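J.: This structure is in structure tokens; I'll ask about it shortly.
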Amino acid sequence: MCGIFGSILKKGSAAPIIHAGLKRLEYRGYDSVGLATVDDGKLFIKKDAGKIDDVHRLLDLDAMPGRIGIGHTRWATHGAPYKVNAHPHTDCREEIAVVHNGIIENFADLRAELEAAGHVLKSKTDTEVVAHLIEDSVKSGLSLVEAVRDAAKRLDGSYALAVVSTREPDKIVCARKESPLVVGINESEVYCASDIPAFLPLTKKALIIENGELVVLSEGGYEIRRLSDWSVVPREPEVVDWNPEMAEKQGYPHFMLKEIYEQPDTLRNTLRLQNQFLDLMTEFLDRAGEVFLVACGTSYHACLAASYMFSKLAFLATHPIIASEFIEQHGRSVNIDSTILFVSQSGETADTLAALDHARLRAATVLGLTNVIASTLTRLARVYVCQQSGPEIGVAATKTFTSQLSVLAQLALRLAKKRGKVSHVEIEFLEERLEQIPEFATTILKTQSDKIKALAQKYSKSQCFFYLGRGISSATASEGRLKLMEISYVPSIAYPAGESKHGPISLIEPGFPVVFICPKDETHRAVISNIMEMKARGASIIALCEENDEEIKRYADDFIEVPKGIPEILSPILYVIPLQLFAYYMAMERGLNPDMPRNLAKSVTVK
Ligand code: F6R
């Protein structure tokens with residue numbers, strides 16, 4: 001996730017406006033920043049790695065000439081956060097500048113093609129190919145707008161692009177596929193940005209650019225065209241009425257809710273990771289003597305779910321371990337034959353890094369899955385995969401958890417394929433379903449949210465909750481329970497449902513709420529028996545089940561429906577979403593701020 005901003009003014013200098021716009025987009029990424037302006041037939045660029053304020057102190061971003069310009073605040077996905085990888089990126093002749101938010105999947109092929117044709121690419125990013133593709137078209141006689149259109153047609157993946165050129169210094173050309181792009185307009189100025197709040201202090205008139213559209217911004221306003229048939233799209237701006245606080249959270253009352261709702265997009269991003277790193281990691285896992293999955297908190301729950309994925313799909317036994325226990329439990333046995341996948345959103349969690357140090361000392365192979373490129377984890381891992389969820393501001397992990405699960409499921413699937421452990425038909429089915437996960441997530445958010453809010457009202461006074469599930473759903477139960485506990489301070493207990501009769505069931509008395517995670521998988525029958533055990537003792541059953549699961553619905557006091565046909569292996573990615581919402585609405589009912597739970601920090605850097 002990155003932020004882009006562009007502006008065309010009638011008079012004055014665009015740079016300070018772009019700089020301020022990027023500050024408002026900083027929540028989308030903050031490891032590098034850059035601006036390009038056009039003035040007097042020349043292109044001016046200032047960019048560097050670092051936070052916007054730090055780079056500004058060094059380079060004075062405001063002191064750039066020109067009424068037209070574009071800018072970018074970056075969250076690295078391809079290429080570490082170094083100056084050379086910061087946007088804007090330019091063509092060979094330094095006449096065209098491009099900023100981009102998204103992931104270009106086929107950039108390696110395009111890069112090879114461009115290099116073979118004599119282009120010199122300076123960065124390691126996926127974005128730079130766009131500037132060179134446009135350069136080629138312009139050289140062959142096309143206008144800037146036509147050249148952006150043709151370049152966009154060659155890109156697989158997602159993009160919001162903004163492009164300026166010294167040859168046509170009066171316009172900004174933007175194009176969109178999946179990544180967000182909006183245009184703001186007032187009497188004398190026009191802006192493009194990744195979201196409306198970026199230009200809200202400047203204008204309240206906004207229009208959304210849709211997928212597959214290109215928009216040309218000029219002093220006179222804007223023209224939107226469809227990339228597919230080049231038809232002009234008539235669209236009038238709408239007036240947006242948000243106060244500054246709502247604007248920061250894009251209209252959501254809290255970052256946590258905003259991040260829960262971002263999951264269809266962040267999950268889509270995980271389906272575009274670079275194959276080479278996933279393949280490399282698969283290779284290491286395949287060769288490993290023994291595999292540990294090490295993490296803390298929510299990331300540990302992702303490991304717990306992953307251990308079922310690896311075992312069921314690829315027949316690989318793994319040990320999921322809480323990082324702070326790793327040295328104590330396995331410190332002596334870990335050795336050169338051990339392969340350890342460390343999972344950490346921040347890549348900086350002290351307990352995880354302590355386990356990692358130990359593993360390195362014992363010559364184990366260290367792999368990493370993280371959201372933060374250039375974090376300590378990415379520096380120390382032999383191979384790492386970046387989950388590409390963008391910054392998460394709410395203290396409770398939500399979107400980063402589902403992204404971790406998606407990446408881990410993809411690794412398990414690759415390993416299964418490599419080992420020949422699943423049939424062709426099953427692989428195709430799972431890959432198809434994985435592609436549909438973002439849509440399923442959208443359906444859950446759209447259809448279940450009001451019901452979950454009502455449930456939180458109903459159970460807001462409950463003193464304690466049970467979360468139960470079998471198989472991979474026991475990981476979902478653990479994560480659901482952690483969410484509730486950490487942001488609404490309701491003591492709760494999670495168990496594999498089969499274990500509940502070995503002690504915890506003694507807590508049950510009439511009205512005690514028990515949340516059951518009941519996908520229609522191999523555990524379904526056994527879960528029904530567990531529901532009956534609890535029901536017989538007066539528990540109130542809240543079930544998460546498939547929409548057509550009439551049997552579970554009959555037994556439950558309350559139920560939340562999840563789309564049918566989600567394979568067991570992928571179920572935690574979707575079943576956790578209602579639990580995140582439930583925790584959020586419970587915090588609301590109890591008058592708590594879910595973005596800042598007491599005693600907790602986003603990145604725990606003490607052991
Ligand atoms: C819970 C939560 C924490 C983190 C844990 C590990 O919502 O956010 O439990 O999951 O502190 O953090 P990372 O993944 O950054 O290592």
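J.: Can you tell me which residue is most open to solvent (accessible area, probe 1.4 Å) among those in segment 282-306 that are within 25 Å of SER474 (Cβ to Cβ) and away from the ligand (no atom under 16 Å from the Cβ)?
T.: Here is the first cut: in segment 282-306, the residues within 25 Å of SER474 (Cβ to Cβ) are 285, 288, 290-306.
Pick out the ones that are also away from the ligand (no atom under 16 Å from the Cβ) and you get 285, 288, 290-291.
On the way: LEU285: 1, ALA288: 19, GLU290: 55, VAL291: 1 Å².
Among residues in segment 282-306 that are within 25 Å of SER474 (Cβ to Cβ) and away from the ligand (no atom under 16 Å from the Cβ), the one most open to solvent (accessible area, probe 1.4 Å) is GLU290.
J.: Further question on the same structure: Could you list, in sequence order, the residues of segment 340-393 that are more than 30 Å from LYS249 (Cβ to Cβ) and assigned to a helix (DSSP H, G or I)?
T.: ASP351, LEU353, ALA354, ALA355, LEU356, ASP357, HIS358, ALA359, ARG360, LEU361, ARG379, LEU380
J.: Evaluate segment 186-205: report whether one residue or more is assigned to a loop (DSSP other than H, G, I, E, B) and closer than 24 Å to ASP156 by Cα.
T.: Taking every residue of segment 186-205 in turn, at least one turns out to be assigned to a loop (DSSP other than H, G, I, E, B) and closer than 24 Å to ASP156 by Cα.
J.: For GLY394, only one of the following conditions fails: (1) within 12 Å of the ligand (Cβ to nearest atom); (2) closer than 19 Å to SER324 by Cβ; (3) of a type outside the set (S, T, N, Q). What is its number?
T.: That leaves (2) as the condition not met.
Residues checked against (1) away from the ligand (no atom under 16 Å from the Cβ); (2) under 29 Å from LYS461 (Cβ atoms); (3) among the charged types (D, E, K, R); (4) free of Cβ contacts under 8 Å to residues at least 12 places away in the same chain:
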{"site": "LEU507", "(1), (2), (3), (4)": "yes, yes, no, no"}
{"site": "SER529", "(1), (2), (3), (4)": "yes, no, no, yes"}
{"site": "GLU550", "(1), (2), (3), (4)": "yes, no, yes, yes"}
{"site": "TYR585", "(1), (2), (3), (4)": "yes, yes, no, no"}
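Let's see how each residue does on (1) closer than 21 Å to PRO264 by Cβ; (2) crowded, with 17+ Cβ neighbours inside 10 Å; (3) in contact with a Pro (Cβ under 8 Å, 6 or more places away or on another chain); (4) not acidic (Asp, Glu):
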site: GLU348; (1), (2), (3), (4): no, yes, no, no
site: ALA354; (1), (2), (3), (4): no, no, no, yes
site: ILE393; (1), (2), (3), (4): yes, no, no, yes
site: VAL407; (1), (2), (3), (4): yes, yes, no, yes
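J.: Kindly indicate whether GLU325 is near the ligand (Cβ under 9 Å from one of its atoms) and either surrounded by fewer than 16 Cβ atoms within 10 Å (Cβ to Cβ) or not in a helix (DSSP H, G or I) (or both). Before you say what the answer is, go through the steps one by one.
T.: On the way: near the ligand (Cβ under 9 Å from one of its atoms): no; either surrounded by fewer than 16 Cβ atoms within 10 Å (Cβ to Cβ) or not in a helix (DSSP H, G or I) (or both): yes.
For GLU325, the condition - near the ligand (Cβ under 9 Å from one of its atoms) and either surrounded by fewer than 16 Cβ atoms within 10 Å (Cβ to Cβ) or not in a helix (DSSP H, G or I) (or both) - is not met.
J.: Taking segment 328-357 only, how many residues are in contact (Cβ under 8 Å) with a residue 24 or more places away in the chain and away from the ligand (no atom under 16 Å from the Cβ)?
T.: 8
J.: For GLY41, all conditions in the list (1) modelled with pLDDT under 95; (2) open to solvent by 10 Å² or more (accessible area, probe 1.4 Å); (3) touching an Asp or Glu at 6+ places or on another chain (Cβ under 9 Å) hold save one; what is the number of the exception?
T.: Result: GLY41 passes all but (3).
J.: Let me ask you something else. Among (1) without any contact (Cβ under 8 Å) to a residue 60 or more places away in the chain; (2) on the phi > 0 side of the Ramachandran plot, there is one condition GLY102 misses while meeting the rest; what is its number?
T.: Going through the list (1) without any contact (Cβ under 8 Å) to a residue 60 or more places away in the chain; (2) on the phi > 0 side of the Ramachandran plot, GLY102 breaks only (1).
J.: Okay, next question. Given the criterion within 16 Å of the ligand (Cβ to nearest atom) and crowded, with 17+ Cβ neighbours inside 10 Å, identify the matching residue among SER478, SER500, SER473. Give the derivation first.
T.: Numbers: SER500 fails: within 16 Å of the ligand (Cβ to nearest atom); SER473 fails: within 16 Å of the ligand (Cβ to nearest atom).
When all the criteria are applied, what remains is SER478.
J.: In segment 352-402, what residues are in contact with a Leu (Cβ under 9 Å, 6 or more places away or on another chain) and on the phi > 0 side of the Ramachandran plot?
T.: Across segment 352-402, the qualifying residue is only GLN388.
J.: If you don't mind, another one. Looking only at residues that are open to solvent by 30 Å² or more (accessible area, probe 1.4 Å) and in contact with a Lys or Arg (Cβ under 7 Å, 6 or more places away or on another chain) in segment 537-557, which one is modelled with the lowest pLDDT?
T.: Checked segment 537-557; the qualifying residue modelled with the lowest pLDDT is ASN548.
J.: Name the residue that is surrounded by the fewest Cβ atoms within 10 Å (Cβ to Cβ), counting only residues in segment 522-536 that are within 17 Å of SER478 (Cβ to Cβ) and either among the charged types (D, E, K, R) or out of contact with any strand residue (DSSP E or B) (no Cβ under 6 Å at 6 or more places or on another chain) (or both).
T.: That would be THR523.
J.: Can you tell me which residues in segment 307-321 are within 16 Å of the ligand (Cβ to nearest atom) and in contact with a Ser or Thr (Cβ under 7 Å, 6 or more places away or on another chain)?
T.: Answer for segment 307-321, where residues must be within 16 Å of the ligand (Cβ to nearest atom) and in contact with a Ser or Thr (Cβ under 7 Å, 6 or more places away or on another chain): just PRO320.
J.: Sticking with this one: Identify, please: which residue in segment 104-132 is surrounded by 24 or more Cβ atoms within 10 Å (Cβ to Cβ) and among the hydrophobic types (A, V, I, L, M, F, W, C) and is, among those, nearest to LEU43 (Cα to Cα)?
T.: ALA131
J.: Also: Only one of (1) closer than 20 Å to TYR191 by Cα; (2) part of a strand (DSSP E or B); (3) of a type outside the set (Val, Ile, Thr) is not met by HIS19, so which one is it?
T.: (2)
J.: Any residue at all in segment 571-578 that is more than 16 Å from the ligand (Cβ to nearest atom), surrounded by fewer than 22 Cβ atoms within 10 Å (Cβ to Cβ) and modelled with pLDDT of 95 or more?
T.: Taking every residue of segment 571-578 in turn, none turns out to be more than 16 Å from the ligand (Cβ to nearest atom), surrounded by fewer than 22 Cβ atoms within 10 Å (Cβ to Cβ) and modelled with pLDDT of 95 or more.
J.: Based on this model, can you work out whether SER143 counts as of a type in the set (Gly, Ala, Ser) and in contact (Cβ under 8 Å) with a residue 60 or more places away in the chain?
T.: The answer is no for SER143.
J.: OK, next. Got at least one residue in segment 410-429 being touching a Pro at 6+ places or on another chain (Cβ under 7 Å), farther than 24 Å from THR73 by Cβ and open to solvent by less than 10 Å² (accessible area, probe 1.4 Å)?
T.: Among the residues of segment 410-429, not one is touching a Pro at 6+ places or on another chain (Cβ under 7 Å), farther than 24 Å from THR73 by Cβ and open to solvent by less than 10 Å² (accessible area, probe 1.4 Å), which makes the answer no.
J.: Counting just the residues of segment 358-370 that are under 30 Å from VAL422 (Cα atoms) and more than 13 Å from the ligand (Cβ to nearest atom), which one comes out farthest from the chain's Cα centre (by Cα)? If you could, list the steps in order and put the result at the bottom.
T.: From segment 358-370, those under 30 Å from VAL422 (Cα atoms) are 364-370; that's our starting set.
With the extra rule that they be more than 13 Å from the ligand (Cβ to nearest atom), the set shrinks to 364-367.
Details: ALA364: 29, THR365: 27, VAL366: 23, LEU367: 20 Å.
Across segment 358-370, the extreme among qualifying residues is ALA364.
The values are calculated or read from the model by the stated rules, or taken from the named source; none is laboratory data. No experiment lies behind these values; they were computed from the predicted model shown. Positions of Cβ are generated from backbone atoms using ideal geometry, with glycine treated the same way; all protein chains shown enter the neighbour counts. All accessible areas refer to the heavy atoms of the entire protein, side chains included, with ligands and DNA or RNA removed. Shrake-Rupley method; radii C 1.70, N 1.55, O 1.52, S 1.80 Å.
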